[in-house]
Amino acid sequence: MKNYDLYSHTPVCTIKELLSFCVSEYAEKEAFTYQNRKQDISISFSRFKKEVDALGSYLFHEEFKNMHIAVFGENSYEWILTHFSVTCGGNVIVPIDKELDADSISELLIDSKSCLLVYSNTYADIVEQLQGKIPNIKYMNMKDIPQYIAKGMQLVSRGYDEFLDKQVSKDDLASIVYTSGTTGKSKGVMLTHNNFCSCMYGACCNVSLTGASLLVLPLHHTFGVVASVFAVMYYGYPIYINKSLKKLVDDFQKAKPQQLFAVPLIVETLYKNIWIDAKKQGKDKLLQRLIKVSDALLKCKIDLRKVLFRSVISAFGGNLDLIVSGGAPIDEKYIRAFHSLGITILNGYGITECGPIVAVNRNRFNVVGSVGFPLICNDVKIAEDGEVLVKGDNVMLGYYHNEVENEKVFVDGWFKTGDLGRIDEHGALHITGRIKNLIILGNGENIPAESLEERIYTIPYVKEVIVYGKDNMIIAEVYLDEDVADAKERIHTDIQSMNQKLPLTRNIGQIVIRDTEFPKTTTKKIKRNYGG
């Protein structure tokens, strides 16, 4: 197995160019499908552009020009339509996390200087709490978007062409995206059209997509927009919009996706559900045997996975053969387990400040354990202290009105990711930890907390763990599976056994047992500043 030529694509530099490219290439092909009142609605690429032009023209006619416009709500066609209608007119989109409370949303709207909030009717009660609190902001309910489209179409038909003729350049600001922040206050990441498009182009050069996709990642995250929307559109494949993970099982059957972009938590849930279903049907032992047989045959270059595991794959619509995972580290066991079933998992790495994708594995060159190969749009190097540095077209302009932080994160034009890593002999990037999570002991040794956490997570009843240093001692704070009766007694013995296999300097000196889960960000990452 070795690396091979990048996949070839026509470069685009702005979101407006991306939309025009898709219409010229794919026209009446299906772009989006979503459920509305128990009925599936399909939108072609050409219809999508007409509706973008109409809504954008309406916004322009209402004097929303050169402004910051926030969008707030669950994944929906209207959300995507708003994003394009804002950015294709040179306005700046500010995605707001739907999990935030009214006070947090208010802070972001004020900080971003947003003059309009386009919101889903699902969250009308939260918007009610905002009204009257924020000066100089207007509100638009997504349920009224059809009437705004109708008004916009009338404007266009009468010759109103200001939005249509608006020139958008690659260096124009497209979005201010607020980081969820595991260790501090959210910062507004300024991303240009070229940041987004170079990132999409680079990711598509590394990864070949082959068919329909199911959108499950939250759209207020750049990974959701760039990978699940822009990249799939670029390839000309249909996107089925999942509005809630509660509908995921049904939506798999409707969308019959060939690929899925996901975070590790979704991958883990899908895997657990495979075994739950197998056990319910009394077929778990049979499935284990079939996997062993299939793996043995694969070593002889005989691939019967599509036949042997047809019933397993049918739970995902029957066509799923690729999952691209990002947003957090994924355990290698899931990559290997899905490979046994005939589904490839490509692990990638990104950070919002880099548009967000920095590296991703390739369809036919998948270095398990790595986060893949740097995209063509960026250069990656490892600093003397092990930090991953990135420079390229996908790197942000900076943090919105935050020069203090900007000075901290750029050195000679390189963006400091805060992650520790190495590049292997294949050229693949490996992430080994976070600089902020380094445990610095009195003897001068630096230990990545993640390396110890990974070991502790192999103890089956450990659900969550954070390792940190305090008073020259390594402390493990754990949240245990409440269904395991003797977990609190066993943890001391099991960690002692683990210690015996480690150098003395890496031994866990104290165990703190929690009664509740760790506080988390809205992306379900543990807040690291808790505890140590």
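The values are calculated or read from the model by the stated rules, or taken from the named source; none is laboratory data. In this text the structure is predicted, and so the values were computed from the model without any measurement. With ideal geometry, Cβ positions are generated from the backbone for all residues, glycine too; neighbour counts draw on all protein chains shown. In case anyone asks, the SASA skips ligands and DNA or RNA and just uses the protein heavy atoms, side chains included. Shrake-Rupley method; radii C 1.70, N 1.55, O 1.52, S 1.80 Å.
With no solvent and one point per C-alpha, what does the Debye sum give as log10 I(q)/I(0) for segment 126-212 at q = 0.15, 0.23 Å⁻¹?
-1.12, -1.10
What distance in nm lies between label points placed 7 Å from Cα along the C-beta direction at residue 125 and residue 246?
1.3 nm
Counting Lys and Arg as +1 and Asp and Glu as -1, each charge on the Cβ, what is the dipole of segment 417-532 about the Cα centre in debye, to the nearest 20?
The dipole magnitude comes to about 380 debye.
Report Rg (one decimal) and Dmax (nearest whole number) for segment 271-420, counting Cα atoms only, units Å.
Cα radius of gyration and Dmax of segment 271-420 are 20.2, 60 Å respectively.
Which entries in the list 391/524; 463/520; 246/463 go over 20 Å, if you measure between the two C-alpha atoms of each?
Check vs 20 Å cut-off fails for 391/524; 246/463.
From the P(r) of the chain, can you give the percent of Cα pairs sitting at distances over 46 Å?
14 percent
Residue by residue through segment 416-431, what is 3J(HN,Hα) from phi via Karplus (6.51 cos²θ - 1.76 cosθ + 1.60, θ = phi - 60°)? Round to whole Hz and write x for glycine and proline.
Couplings: 8, 6, x, 9, 9, x, 8, 10, 8, 5, 7, x, 7, 8, 10, 9 Hz.
Subtract the Cα-Cα distance of residue 28 and residue 501 from 0.36 nm times their separation in residues, and report this length gain in nm to one decimal.
Going from the current span to full extension adds 164.2 nm.
Once amide H atoms are built 1.01 Å from N in the peptide plane, which residues 5 or more positions from residue 363, or in another chain, come under 5 Å H to H?
Under 5 Å from the amide H of residue 363: 208.
Strictly greater than 26 Å: what percent of every Cα pair in segment 1-115 meets that?
When every Cα pair of segment 1-115 is considered, 34 percent fall beyond 26 Å.
Show me 38-51, 274-287, 342-355, 391-404 ranked by packing, highest mean number of other Cβ atoms within 10 Å first.
The most tightly packed comes first, giving 342-355, 391-404, 38-51, 274-287.
In what order, largest first, do 221, 339 sit by accessible area if the probe radius is 1.4 Å?
From most exposed to least exposed: 339, 221.
To the nearest 20 Debye, how big is the dipole of the chain about its Cα centre, given +1 on the beta carbon of each Lys and Arg and -1 on that of each Asp and Glu?
For the chain, the charge dipole is close to 1720 debye.
Multiplying the sequence separation of residue 296 and residue 482 by 0.36 nm and subtracting their Cα-Cα distance, what value in nm do you get?
Stretched fully, the residue 296-residue 482 segment lengthens by 63.2 nm.
What percent does the relative contact order of the chain come to when contacts are Cα pairs within less than 8 Å and at least six residues apart?
Taking the mean separation of contacting Cα pairs over the length of the chain, I get 12 percent.
Normalised by the number of residues in segment 1-152, what is the relative contact order in percent for Cα pairs under 8 Å and 6+ residues apart?
Reported relative contact order: 22 percent.
As a check on your grasp of the helix formula, calculate [θ] at 222 nm for the chain: sum -39500 (n - 2.57) over DSSP H runs of n ≥ 4, divide by the residue count, round to the nearest 500.
Roughly -10000 deg cm²/dmol at 222 nm, from the helical runs in the chain.
Among 156, 190, 300, pick out the residue whose Cα is farthest towards the positive end of the charge dipole of the chain, where Lys and Arg carry +1 and Asp and Glu carry -1 on C-beta, about the Cα centre.
300
Between residue 451 and residue 7, with labels modelled 7 Å along Cα→Cβ, what's the label distance in nm to one decimal, could you check?
About 3.6 nm separates the two model spin labels.
Please sort by residue number the trypsin sites (Lys or Arg not before Pro) in segment 439-532 whose DSSP state is loop and whose Cβ has at most 16 other Cβ atoms within 10 Å.
Loop-located and lightly packed - 501, 524, 525, 527.
Which value, in debye to the nearest 20, describes the size of the charge dipole of segment 271-421 about its Cα centre when Lys and Arg Cβ atoms bear +1, Asp and Glu Cβ atoms bear -1, and nothing else is charged?
1660 debye
How many percent of Cα pairs in segment 146-290 exceed 28 Å?
Across segment 146-290, Cα pairs with separations above 28 Å total 42 percent.
Between residue 143 and residue 405, with labels modelled 7 Å along Cα→Cβ, what's the label distance in nm to one decimal, could you check?
It works out to 3.5 nm between the two label points.
Mind checking which lysines have their C-alpha under 26 Å from residue 306, skipping anything on the same chain fewer than 8 residues away?
Those lysines meeting the cut-off are 2, 247, 254, 256, 272, 279, 280, 283, 285, 292, 333.
For residue 46 and residue 104, calculate 0.36 nm times their separation in residues minus their Cα-Cα distance, and state this gained length in nm to one decimal.
17.1 nm
Please work out the Cα center distance from segment 202-225 to segment 141-180, rounded to the nearest Å.
23 Å
Sorted by accessible area (1.4 Å probe), largest first, how do 62, 387 line up?
Solvent-accessible surface, decreasing: 62, 387.
Between rounded, prolate and oblate, where does segment 365-454 land on the alpha carbon gyration tensor, with a ≥ b ≥ c its root eigenvalues, rounded for a/c under 1.5, else prolate if a/b exceeds b/c?
oblate
Report the accessible area of residue 458, computed with a 1.4 Å probe over the heavy atoms of all protein chains in place, in Å² rounded to the nearest 10.
So the heavy atoms of residue 458 present about 110 Å² to solvent.
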